[in-house]
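**Student:** Pasting in a structure now, in structure tokens, and then I'll have a few things to ask.
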Amino acid sequence: MFKFIITLLLGFAFGLILLASQAFSWFRIQEMFHFQSFHMFGLLFSAIGTSAVFLFIIKRKKIKSAQGNQIEVKPKKLELKANIIGGLIFGLGWSISGACSAPVYILVGLHWQIGLILLAGAFTGTVIFGLLKGKNGLL
Amino acid sequence: MNTPLAWYFAGPLIGLIVPLLLILREKQFGISSSYRFIGATLLPKIKYFNYSKEQDRWQIHFALGLILSGFAAFQLFGAFDKVVIQPVLDYEKAAVTIYDVKNGLQFFLGGILVGFGARYANGCTAGHCIMDVSQFATSSIIATVSFFVGGLIGSLFINPIIF
């Protein structure tokens, strides 16, 4: 229960930041891809920078988790073809819907009609991937 | 609400979620695996969804928090789509109506590409761009560049046709 509430609150906080900074918005995404404002770039770069500093400290100081375990951080495995083709497809979807995975959920709460359409779409895409993944030679 | 929270506040706050998740929950920041978890729950017969889904259950709780944040914002400020953000090319007119259900098909198709692409690339903006680029992972730097190339194509060439 405690874990559930912590996770929920972190999600809530993340959502509030994306809302307050308007990063969830279709318009901010278009603005970014048209290079009309530094806002989204600054947001992404400073988020990455902050995260990198903390990850460095966590690894360096061997900081333990609240549960008392050694924190392990593993980067994702390199899958060149999947990273590139999957990345291009994701990018297309990101710019068309103006939302990546987290804003999809925010929009469910903010604007339930479009939010649920987006969620249904993202789920359908995941199912299509799951079906194709099972086929030999594909993906 | 026309002025966004400045990036130099919002960005570091987002970055802070990463160590908080690690320290409090021993989880690496990410969100798109929640879709796979839903798949594993609803359609367990599909082989790809037959995996140790418990590792991703926390993302559903995280997603629930995201939904609640959107709902809270709606209660406080109403529909954000009425807020006209800085004009983007000739999208000023669209600003009021972009989240209208008449654009549902575009959003649905965009959503499909987001869900498919995130699984194929093994991560999205959270897991790749923020979590793993901040560990300088090659896979995530390549994925992030690909996200942007795809996004440029969509935003510059496809959106003007379909919206």
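The values are calculated or read from the model by the stated rules, or taken from the named source; none is laboratory data. No experiment lies behind these values; they were computed from the predicted model shown. Positions of Cβ are generated from backbone atoms using ideal geometry, with glycine treated the same way; all protein chains shown enter the neighbour counts. Just the protein is used for accessible areas: all its heavy atoms, side chains included, with ligands, DNA and RNA removed. Shrake-Rupley method; radii C 1.70, N 1.55, O 1.52, S 1.80 Å.
**Student:** Can you work out which of the residues in the stretch A:71-98 that are more than 7 Å from chain B (Cβ to nearest Cβ) and not in a helix (DSSP H, G or I) is farthest from B:Ile142 (Cα to Cα)?
**Tutor:** A:Glu72
**Student:** Consider A:Gly68 carefully, then state whether it is open to solvent by less than 10 Å² (accessible area, probe 1.4 Å), more than 7 Å from chain B (Cβ to nearest Cβ) and not polar (S, T, N, Q).
**Tutor:** Taking the combined requirement at face value, the residue does not satisfy it.
**Student:** Here is a follow-up. Just one of the numbered conditions (1) touching a Phe, Trp or Tyr at 6+ places or on another chain (Cβ under 8 Å); (2) at the interface with chain B (Cβ under 7 Å from one of its Cβ atoms); (3) open to solvent by 20 Å² or more (accessible area, probe 1.4 Å); (4) free of Cβ contacts under 8 Å to residues at least 24 places away in the same chain is not true of A:Ile114; which one?
**Tutor:** (3)
**Student:** Here is a further query. Just one of (1) more than 7 Å from chain B (Cβ to nearest Cβ); (2) among the aromatic types (Phe, Trp, Tyr); (3) touching a residue at least 60 places away in the same chain (Cβ under 8 Å) trips up A:Phe2, so point out which.
**Tutor:** (3)
**Student:** Sticking with this structure for a sec: Across the stretch B:2-30, what is the total count of residues that are within 25 Å of A:Phe38 (Cβ to Cβ) and within 21 Å of the chain's Cα centre (by Cα)?
**Tutor:** Adding up the residues that qualify gives 16.
**Student:** Exactly one condition in (1) buried (at least 24 other Cβ atoms within 10 Å of the Cβ); (2) touching a residue at least 24 places away in the same chain (Cβ under 8 Å); (3) in contact with a Phe, Trp or Tyr (Cβ under 8 Å, 6 or more places away or on another chain) is not met by A:Ala82; state its number.
**Tutor:** The single condition A:Ala82 does not satisfy is (1).
**Student:** What is the residue count in the stretch A:3-40 for residues that are small (Gly, Ala, Ser), surrounded by fewer than 22 Cβ atoms within 10 Å (Cβ to Cβ) and assigned to a helix (DSSP H, G or I)?
**Tutor:** 2
**Student:** Name the single residue that is nearest to B:Ile98 (Cα to Cα) among those in the stretch B:108-124 being open to solvent by 10 Å² or more (accessible area, probe 1.4 Å) and not in a loop (DSSP other than H, G, I, E, B).
**Tutor:** B:Phe108
**Student:** From the residues in the stretch B:1-49 that are of a type in the set (Lys, Arg), at the interface with chain A (Cβ under 7 Å from one of its Cβ atoms) and touching a helix residue (DSSP H, G or I) at 6+ places or on another chain (Cβ under 7 Å), which one is least open to solvent (accessible area, probe 1.4 Å)?
**Tutor:** Among residues in the stretch B:1-49 that are of a type in the set (Lys, Arg), at the interface with chain A (Cβ under 7 Å from one of its Cβ atoms) and touching a helix residue (DSSP H, G or I) at 6+ places or on another chain (Cβ under 7 Å), the one least open to solvent (accessible area, probe 1.4 Å) is B:Arg25.
**Student:** I'd like to check something: does the stretch B:74-92 contain any residue that is open to solvent by 60 Å² or more (accessible area, probe 1.4 Å), among the basic types (Lys, Arg) and at pLDDT 95 or above?
**Tutor:** No, that holds for no residue.
**Student:** Follow-up question, since we're still on this one. Being facing chain B (nearest Cβ under 7 Å) and in contact with a Lys or Arg (Cβ under 7 Å, 6 or more places away or on another chain) is true for just one of A:Gln22, A:Gln30. Which residue is that?
**Tutor:** One residue alone meets the criteria, A:Gln22.
**Student:** What is the residue count in the stretch A:49-65 for residues that are open to solvent by less than 90 Å² (accessible area, probe 1.4 Å) and either among the aliphatic types (A, V, I, L, M) or not in a loop (DSSP other than H, G, I, E, B) (or both)?
**Tutor:** 10
**Student:** Report yes if some residue within the stretch B:147-156 is open to solvent by 40 Å² or more (accessible area, probe 1.4 Å), assigned to a helix (DSSP H, G or I) and of a type in the set (Val, Ile, Thr); otherwise report no.
**Tutor:** yes
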